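Asks: Mind having a look at this structure? Questions to follow.
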Amino acid sequence: MSSEKKRTGGEAKEAAKEAKPLKWWPFAVGIVAVFAAAIALAIALNGLKTPAPEQEEDRPIEIYSEPKIRVAEKTRAPKEFVKGATLEKLTREAEVVALVRIGNWLGESDEDGYTRFAAEVKQVLKGEFKTEKIVLLQDGTSTLSVENYPIFTGGNDLLLFFKKAEEALQNNAGSVYHLIGGPQAVFYTTLLAKDSPRYAVTLDEGWLTRMPHDIPNIADIDEMWKTVFGALAVNDKLWNVLPVNTRMVYSYDLIKSAILSYID
């Protein structure tokens with residue numbers, strides 16, 4: 001009987017030892033560390049799959065004055081429309097053809113039907129500007145925009161076709177210009193890396209038939225359109241939400257060469 005009690009007492013002691021609280025915190029720390037490492041690895045892998053497009057230079061972060069609304073509820077046909085526009089026709093009708101970087105929104109006039117932007121000249125293909133900084137007049141405003149022609153935003157590099165604005169719309173420097181051709185004469189451009197070629201994108205489906213045959217649409221080669229649209233979205237979030245009915249991506253250098261060949 002006594003031996004049975006001793007045995008029972010020993011078992012009770014063992015049970016008591018087992019019932020003591022475990023030192024759990026080292027295990028918890030280990031589990032947290034494993035999860036943290038897994039999350040870090042997932043982020044790293046995701047970054048490898050979708051690298052952020054590089055810019056052509058170390059551009060400082062700039063905050064631009066932006067238009068009130070970029071796509072109005074009401075739209076109209078463009079004023080500066082060039083019927084049957086081709087690269088040759090646009091080049092011959094324009095006084096200046098240039099790659100510019102859109103700067104600050106300077107206001108709009110419902111009476112005139114234009115939105116004003118500051119712009120920095122990056123490369124002139126035809127003609128000349130008197131100054132490196134110009135003011136451009138985009139057809140459309142926040143209350144009545146042009147169909148398929150969103151109001152610009154700062155930071156975009158655009159290939160555009162210009163003619164000098166009439167005296168009533170000029171500033172003291174004489175550096176105010178209209179854009180001819182409306183939405184059919186705007187090429188949104190971007191680089192994919194610092195030393196990469198420049199690509200040009202248009203929202204006008206008519207270029208599928210109007211573009212010279214020696215300037216191919218490369219949008220569907222390795223889904224190039226996704227890469228280029230992603231690079232454009234770095235400076236213009238509208239490229240994340242624009243409906244893409246027809247994808248068009250062209251080599252800027254080929255377009256540039258064609259334009260230069262049309263200049264007498």
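Here, each number is a calculation from the coordinates, and none is a lab measurement. Since this is a predicted model, take the numbers as computed values, not measurements. Positions of Cβ are generated from backbone atoms using ideal geometry, with glycine treated the same way; all protein chains shown enter the neighbour counts.
Asks: When the C-alpha atoms of region 104-165 are aligned to their principal axes, what extent does each axis show, in angstrom, from largest down?
Replies: Ordered largest first, region 104-165 gives principal extents of 32, 21, 19 Å.
Asks: Taking just the alpha-carbon atoms of region 75-261, what radius of gyration and Dmax come out, in angstrom?
Replies: So, for region 75-261, Rg and Dmax equal 15.7, 49 Å respectively.
Asks: Let me ask another. Once R0 is set to 25 Å, what does the formula 1/(1 + (r/R0)^6) return for the Cβ-Cβ distance between Asp214 and Ile263, expressed as a FRET efficiency to the nearest 0.05? Write down the numbers at each step before the final one.
Replies: Numbers: r = 18 Å, r/R0 = 0.70.
FRET efficiency, Asp214 to Ile263: 0.90.
Asks: What's the center-to-center distance, using Cα atoms, between region 213-243 and region 124-193 in Å?
Replies: What the calculation gives is 21 Å, centre to centre.
Asks: Further question: Quote the FRET efficiency, to the nearest 0.05, computed for Val234 versus Thr143 with a Förster distance R0 of 35 Å and r equal to the Cβ-Cβ distance. Before the final figure, lay out each step's value.
Replies: Values: r = 29 Å, r/R0 = 0.82.
Computed FRET efficiency for Val234 and Thr143: 0.75.
Asks: Still on this structure, please answer the following. Output wanted: per-residue J couplings in Hz (rounded whole) for region 69-84, from phi through Karplus 6.51 cos²θ - 1.76 cosθ + 1.60, θ = phi - 60°, x for Gly and Pro.
Replies: Working through the residues one at a time gives 9, 9, 10, 6, 5, 9, 10, 9, 6, x, 6, 8, 8, 10, 5, x Hz.
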